[in-house]
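Here's the structure, in structure tokens; my notes come after.
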Amino acid sequence: MGKNRTIKTIADLIAGMITHRILTKYTNKPESIHHMESEINNYREIMMGFMSEFNWNNEDRKKILEESKKSMEKELKKPHFSDVKFPSWEKEKILEEIMKEMFGNS
């Protein structure tokens, strides 16, 4: 898989992590929390595998960030989010946390 396709895949995994984190915190279905936490860990493991395939420069990081935002917005429009209320700043906060986890503070 080429680097651009890998960036898109990583962005989709990040979006999945963000949306699942939001659901675990703001869900109306607490019985689903364990499953969502398992999904978050699964996405993280897969993402880290892709991360190890390339060296990531600042331009790549920006692309991952922008693609993650697009993918997250698309994911949040799905029907299972229609009844989940959360502050809009939450998604940016989680995205920032994940990017720091992936790349450190650089």
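Quick note: the coordinates plus some simple rules give every number you see, no bench work behind them. Computed from a prediction, not measured in an experiment: that's the story for all the values here. We place every Cβ from the backbone using ideal geometry, glycine too, and count neighbours over all the protein chains shown.
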| Given H placed on each backbone N at 1.01 Å, which residues far from residue 86 in sequence or on other chains put an amide H within less than 5 Å of it? | none
| note | Each label sits 7 Å from Cα toward the beta-carbon; between residue 77 and residue 25 the label points are separated, in nm, by 2.3
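Sort region 18-92 into rounded, prolate or oblate with this rule: let a ≥ b ≥ c be the square roots of the eigenvalues of the Cα gyration tensor; rounded if a/c is under 1.5, and if a/c is not under 1.5, prolate when a/b is larger than b/c, oblate otherwise.
Details: a/c = 2.88, a/b = 1.58, b/c = 1.83.
Cα axes put region 18-92 in the oblate bin.
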| Quick one: Karplus J couplings for region 9-22, per residue in order, coefficients 6.51, -1.76, 1.60, θ = phi - 60°, nearest Hz, x for Gly and Pro? | 5, 4, 4, 5, 5, 4, 4, x, 5, 4, 5, 5, 4, 4
| task | Kindly write out, for region 35-42 in residue order, the coupling ³J(HN,Hα) from the Karplus curve 6.51 cos²θ - 1.76 cosθ + 1.60 (θ = phi - 60°), rounded to whole Hz, with x marking Gly and Pro. | result | 4, 5, 5, 5, 4, 4, 5, 5
| remark: Excluding residues fewer than 8 positions from residue 8 in its own chain, the lysines with Cα under 25 Å of it are 62, 63, 69, 70, 74, 77, 78, 91, 93, 100
| field | Inter-label distance, nm, simple model (7 Å from Cα along the C-beta direction), residue 45/residue 86 | value | 2.3
| message | Per 0.36 nm of contour for each residue apart, how much would the distance between residue 100 and residue 35 grow if the chain were fully extended, relative to their Cα-Cα spacing? | response | 21.0 nm
